[in-house]
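Beneath this line is the structure, given in structure tokens, with notes to follow.
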Amino acid sequence: MSSRTSLLLRCLCLALALAGVIGFRPPVAAHAYLLRSEPAANSTVAESPAEIRLWFTEPISPEFSGAQVLDLAGEPVAITIQTSTEENNLLIIQLPQLAEDVYSVLWRAHSTADGHVTQGLVVFGVGTQVDSAAAPSLTEATPPWPEVLLRWGNFLTLMALVGAVTVLYFVIDPTQYPADVAAHVPAIQRRIWRWLSWCAGLAFLIGWLWLGWQTRILLASLPQGTGWLTVMSQWLGSRLGWLWLARQLLLLVMLIGRSRFQTLTSPLPVALLLVALTVTQSLASHAAAAAPNTGLALVADIFHILAGGIWVGGLLALLVGYFPLLRQREGSFKALLLAGWQPFGRVAVVGVVVVIATGLYSTGREVASLDALLTTLYGQSLLAKLLLVLLMGAVGLLNSLLLHPERRAALTRWLHRPVPNFPLRLQNFPKVASFEL
């Protein structure tokens, strides 16, 4: 094993210690959901309260969070809304004198941690009994498909960047290759560097589309006549806006400096850029609002993204770099394939372990119970992601057996039965690679 690969593996193994506290921290909820209220939902108070207080599970934006109070006839009540300087997850609604009636509080919360918007309903009575089954306290809606596409596009391009750098600096090692394989390395590296540039450019474009989408969503919650530029400038001045600016600047540096990075033998400059990009991603995620131990949650999330990028992004980079040459030089197929996939397998196996460990840790924090994992939209998405990772890991094990005969022999001894040996031919390679991706 090369010293570069050994160094990367040791760094990733640190994530196992950070994720070793799975199940020993209290769970939190994802997005800014209603935690509690005063008056409580479906309660009855004897006298008109001076204010309504709503506490959420994440910090909320004072500019883009709000509420509306309606009486039983649906008539709005004149209110004043403010946020607390001491509790950034508290929304305060100042009330006039209320007559005896049943009132509904329609709230809308914009999380400063991840930018998600949630909304819900709290019902209480003043001198009048409330039907406890009349209204829920939370509305969970499916995110609009443009938001889903943009979030996933942002996440996948970041993983592709991490994977490309991993393959360029920690997998490709011409000093360990036979002469006929080493001759192809410059062409492989050029392809992967071009792939890195395309991914950085796409991530930069997605960033601008995300700015437009956030502006459009937030504009709907503001008074009619509010301009796009006003909303955009307010959002850019928020915590999420500053993180967005930092991310776009880092991507711009990566795009402009690509030719310079390509001439460097040290991975440190581009690796620092990627770590900084990952930090901005984590600071705009649920991990930034996790309490207690926010720092630990952020570290676990950063390792989760990096490990996922090394695994999935590395596979993409290998396909981009090696597959065109594999088709052109079918005679040297096996030598080229083993030169790329064998050293990558040693790195990827640690990435898989870290992805699973940190994913379980984050799930334990963000989903309050097994019931929430099975019944809520967010819990179901996490469960689907976990099952997908396990499936990919199983296919990765199959590929490892194809590429490493000694492992197939060890598994045969352990199972006391022969393990099928599939021919490692060029026509089989697209199936193997597509299954793992």
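Coordinate-derived values only; no laboratory data. This one's a predicted model, so the numbers in the text were calculated from it and none came from an experiment. Ideal geometry is used to build each Cβ from the backbone, glycine not excepted, and the neighbour counts take in all protein chains shown.
Here are a few things to note about the model shown:
- Separation of the L70 and R258 label points, Cα + 7 Å toward Cβ, nm: 5.2
- Prolate is the label for the range 34-126. Its Cα gyration tensor axes, ordered a ≥ b ≥ c, give a/c of at least 1.5 and a/b above b/c.
- Whole-Hz ³J(HN,Hα) from phi, Karplus 6.51 cos²θ - 1.76 cosθ + 1.60, for the range 343-355, glycine and proline x: x, 5, x, 5, 6, 5, 5, 5, x, 4, 4, 5, 4
- Between A187 and R53, the FRET efficiency from the beta-carbon distance, with R0 = 56 Å, is close to 0.30.
- Integer Hz, Karplus 6.51/-1.76/1.60 couplings in order for the range 68-81, x for Gly and Pro: 9, 10, 10, 7, 5, 7, x, 7, x, 9, 5, 9, 10, 10
- For Y33, the residues 5 or more places off, or on other chains, whose built amide H falls under 5 Å of its own are T57, E58.
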